[in-house]
Amino acid sequence: MDQISNFMARRSTWPAFIARKDEPRLPVSSQPQPMIRFRTLLGHCLYRRVVIWTFVVVVCLYFTLFNPRLNTTSREVLELVNLGNGQFKGKPELEGSADLQVADLQVADLQVASPQVQAVDGKEHVPQSSPEVKPADKNEKDPAGDREKNEDGPSGLNGPHWLKYKHLDGYYNGLRSLVTFTEYKPGYPEISYTSEAESTVAQVHRTETPRPRIYRPQPDYNSEAYRSTYVPVRPCYLDDEKKVPVPDLFAYDGIPQGQPQPAIGSYDLLGIRQDICFDRFSRYGPYGLGYGPDQGGTGVGIDTEREGSDAIWERTGKINFDGTDWASAQERCFLDNENRFFTGNATLDAHLAQMHPKRIDRTAVVIRLFTGFKWTSHTLLNFRALVSELSLQSGGEYDVHFLLHVRDNAAPIWADEVTVQNILDENVPWEFHGLCTLWSEAQMKLYYPGDFGHTFENPANSDIHGVYRSAHMPLQYFARMHPEYAHFWNWEMDMRWVGSYYELFDTLGTWAARQSRLGIWERSAKYYIPAFHGDWSNFTRLVEEETQASGRASVIGPVDFPGKTPLQHGEEGLLPESCNPGYDMSKCGVGEDADLISLNPLFDADQSGWVFSGDVTGYDTQFDKPPRRSAIVTASRLSRRLLSVMHEETWRNHHSTFTEMFPPTIAFHHGLKAVYAPHPVYVERAWPVENIDKAFNGGRDHTTGGHGSPFDPTNEHNFKGTTWYYNSEFAGRLWRRWLGYAQSDGRANEGMLSGGRLEEEDRSGSGRLCLRNMLVHPIKWENPVEEDKY
Ligand SMILES: *[C@@H]1O[C@H](CO)[C@@H](O)[C@H](O)[C@H]1NC(C)=O
Ligand SMILES: *[C@@H]1O[C@H](CO)[C@@H](O)[C@H](O)[C@H]1NC(C)=O
C-alpha cells in the first residue's frame, strides 16, 4: 500500500461528509461551519489549558532569562506573569467549546523535547503560541532509534523513553485473520520487545469475511433461573405502537490472530468477555451505521470497506430511526417493567426487600454535555447504542440522561420553557431532547449558597461553583432530583466502548461488590499489570507486602484528621455488619455495592505533583490540608449514599476540592467503599511490562500516588500511547482505524497513513479491524474530515 493510494483512501471519505451537511438530525450549531483557527488555542479541558499555558509561560521565561537579545523592557513585561506559589496567575480566562488537540500535541511533543514533530494524522503542526520555539529537527527519522536505552519510569524532560519500542501491528489484523480464542497467540506481551525483525503480520485464514452473530450480554430474561428469582421482564420497543423491537448488537466469535493483550487491567478478573470481537458494522450497524438517510440511517460507514456487512440487517432489515424519541422509548420501557425495581422510597423498599420475587436497583448513566458541543453522526450512533443497550435491552434497569451545562448564566432555564426549548433546539439533536436536564453555574450558586471559606490553592483561578472545579455539584443536585436511582455513572461525551455498554457497567458493578474492603484503598492506588504482577492473588499479596514495607497503616473505615467535621448523622452506619469486630476481616464489605468505582487508580494526591492536588476549600486552615485521594478522568460510578454525603459536605460544611478529587476524598474521609476497577487498557508499542510498571506505578512506595506519580505533568506523556487517559493519542488513532478511516500510525515518517478503504479491500490483506471490548478516551473526532474543526 503506497502513500498515494492511502491518501486517496482518505480522500474518498469526503463526499459522504459533504452529503452530511444537510443532516437533518443534528442541531443547528453542529452543522458544518466556517473554521475559526484561533480556536486551536482554546479548550474546555482544563488540564490541557493549564499544561499549555504553563508551557507558554515557561518558554517565555526561558527566553527571558537565557536570551541575551531580549532587552530589559521586554523582560519587565514578561515578568508580569507571576508564577508565585505554583499558581497560574498569568493564565488568561478563555472559554471555548472547541478542542485543542492540535495545540496540545505541539506543546506536549516539544515539552518532552521529542524530535517527533509529526502529530496525529500525518500533519505537521507548527506552534502558534510561541513563535520563538523551533520545531525539532525533521531530519531525524526515528526518534527512538538513536537514543540510548535508558531506564523507564518517570523520565521528566529527558524525552519520552517509550518512543524506542516498536509499534504493535497486531491491532490492525482484520476479520479474515480471525481465530478462535484457543488458537489465539497474542502479539504482546509474550514477544521479544526490541527486535524490529519480528513482526506479527497475521496469516489470512479465510477468503470470506466471517459472519457475526447476535450478542446479548444481559441476563437471559426468559430462562427458568431468572424467572424463578426475579420479576419477569417485558420487552421494550423503539416506537409507541410497539412494532419496532430494540435492535441487537452483533459480535464475531474469535479474535484476529496476533492482536495484543491489554497491558493494564484484565478481562478475566472483571468478567468481561475476551474471546469475541466487534467490527464497526456489528457494533453500530444496528443503530444506523452503513446505510444512508434515505433508509433512515446516518450515512456513516457507507464510504468505508463493507464486505459481508449485510449480515447485520438480514433479520430485522435496516431500522429507520426517523422520528425516534429515545426519552419516550426509555420511559415506556421503565413503565412496562416498573414492578421489577426498588423505588427510592426507603419505607416502601424495606417492605419490598422482604418479598419474592426479588427486586433490583436502578442506575442512571449521566452524561456531561455542554452548550456548543459539536454533534456529529458518529456521536448519534454512540448515544443510540448507550440507550438501547443499557435501558431498552435491559427492561429499564438503567436510564440514560444528559446533564446539559448551559454556559450562559443569564439564561432563565428554571423559569421559562421557551428558553429551555430554544437551548435544546440549538444544542441537542431532537431525538435526545427528552433526556436532557439543564443546569448552569448561576443555578449552582443559588443551590449551594454561603461562604466557602479559604482555598489552599486555586491553580485554575476560577470560581468554586464553576464546572472545572466543582463538576460534582450538578451531579449532586441531579441525584437529589432523582431518588429512584441507587447508582449514578458519571460519563463523558468523548468516551467510547467497543462492545455492549451493558456488559461494561454490569460487570464493573458486580466485580466491585465482590471486593473485600480489606486493603481496597491500597490495591486501588496501583495499576494492575497482569503480565508483570501475575494473577489477582499475586497482586493482592504484593500490595500487602508493599504496604507493610511502607510503614503506613492500611486504611479501613473512616479516617481521622485534625479539623475533621463529623457528618450530621454520624458515620457509624457506613460500614456493613461484615466489618464488625469478631468477623473475618477478609470478608469485610464482600457483597456490598461499591460507593465509588473509578476507571483509573485512586491515588494519594499529596505531593503527587498533580496540578490540582492542593485545590482544597473550606477546611480549617490552622491545620494541614486534609488527606486526599483522586482519580483522573471523572468517569466513575457514584452511589446515592456517596452523593448525599458529598451534598452534605457541600451545603453544610462548605467543603470542596477539585472535581476529580472530591468523590474519592469524601469516600476516604467517611469510610465509604471505593474501588478502582482495572479495566483493559492497551498500549500502542511493545513496552516491556516491567517498564510499564516503573512508568505507571512509579510513585511513593510503588503506587500511583505521592512523589513520582504518573499523574505528575512531567510523567503524563506516558499515557499518550495508551487507550484511556485524557491525553491519550493512541485511543483516537485506533478508534478511527477501526471505523474504517486511514490514520497516521503515530510513526515519525511524515504523511504515512495506513488503514482505510483501499487497504481493507485489498484481498492480500486481512480486511477490516475487529477489536475486543475496550474503553477508548478521548475521542475528539471520528471522521478524519472533522479534525479540522478542532
Ligand atoms: C413511601 O412509601 C410509604 C409506604 O408505601 C408511603 O406511605 C409514603 O407516603 C411514601 N413516601 C413518599 C415520600 O412518597
Ligand atoms: C503467583 O503466585 C504463585 C503461587 O504462589 C506463584 O507460583 C507465582 O510464581 C506467582 N507469580 C508471580 C508473577 O509472582
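Annotations for the structure displayed:
- Karplus-derived HN-Hα couplings along segment 525-535 (A = 6.51, B = -1.76, C = 1.60, θ = phi - 60°), whole Hz, x at Gly and Pro: 8, 9, 6, 9, 10, x, 5, 9, 8, x, 7
- 19 Å cut-off, amide nitrogen to a point 7 angstrom out along Ile214 Cα→Cβ, residues in segment 479-506: 499-503
- When only the Cβ of Lys, Arg, Asp and Glu is charged (+1, +1, -1, -1), the dipole of segment 232-275 relative to its Cα centre reaches about 80 debye.
- The slack between Thr437 and Asp425, meaning 0.36 nm per residue of separation minus the straight C-alpha distance, is 2.9 nm.
- Under 5 Å from the amide H of Ser636 lie the amide H atoms of Asn490, each residue being 5 or more positions distant or on a separate chain, with H modelled from the backbone and absent for Pro and chain starts.
- Each residue of segment 665-673 was assigned a 3J(HN,Hα) from its phi angle through the Karplus curve 6.51 cos²θ - 1.76 cosθ + 1.60 (θ = phi - 60°); the sequence is 5, 5, 4, 5, 5, 10, x, 8, 8 Hz, with glycine and proline shown as x.
- Remark: the Glu224-Phe561 segment gains 116.1 nm on full extension, using 0.36 nm per residue and subtracting the alpha carbon distance.
- In this structure the amide hydrogen of Ser754, modeled in the peptide plane, comes within under 5 Å of the amide hydrogens of Gln743, Ser744, Asp745, none closer than 5 places in sequence on its chain.
- Area accessible to solvent at Lys358, 1.4 Å probe radius, in Å²: 110
- Using only side-chain charges placed at the Cβ, +1 for Lys and Arg and -1 for Asp and Glu, the dipole size of segment 472-599 relative to its Cα centre rounds to 200 debye.
- Full-extension gain in nm, Phe370 to Glu577, via 0.36 nm per residue minus C-alpha separation: 70.3 nm
- Among Val675, Val559, the sequence by solvent-accessible area, most first, with a 1.4 Å probe is Val559, Val675.
- Estimated FRET transfer efficiency (Phe623, Trp414; beta-carbon r; R0 25 Å; 0.05): 0.05
- With all protein chains modelled, accessible area of Asp560 [1.4 Å, Å²]: 130
- Pairs beyond 19 Å (Cα-Cα), from Lys694/Lys720; Lys164/Lys694; Lys164/Lys720; Lys564/Lys625; Lys526/Lys673; Lys185/Lys526: Lys185/Lys526
- Taken along the Cα-to-beta-carbon direction at a fixed 7 Å, the label points for Ile302 and Met585 span 6.4 nm.
- Given a 1.4 Å probe and the protein chains as shown, Phe456 ends up with an accessible area of around 50 Å².
- Its relative contact order, with pairs defined as Cα atoms under 8 Å and 6+ residues apart, puts segment 269-371 at 17 percent.
- Residue list for segment 665-703, given a label point 7 angstrom along the Cα-to-Cβ vector of Ala553 and an amide N cut-off under 15 Å: 669-671
- Vicinal HN-Hα couplings computed from phi for segment 575-588 (Karplus, 6.51 cos²θ - 1.76 cosθ + 1.60; Hz; Gly/Pro x): 9, x, 4, 4, 9, 5, x, x, 8, 5, 5, 5, 9, 4
- Protein-only accessible surface order, largest first, of Leu574, Leu386 at 1.4 Å: Leu574, Leu386
The values are calculated or read from the model by the stated rules, or taken from the named source; none is laboratory data. Remember, predicted model here, so these are calculated numbers, not experimental data. Neighbour counts are summed over all protein chains in view; Cβ atoms, including those assigned to glycine, are modelled from backbone coordinates with ideal geometry. Protein only, heavy atoms only, side chains kept; ligands, DNA and RNA dropped before computing areas. Shrake-Rupley method; radii C 1.70, N 1.55, O 1.52, S 1.80 Å.
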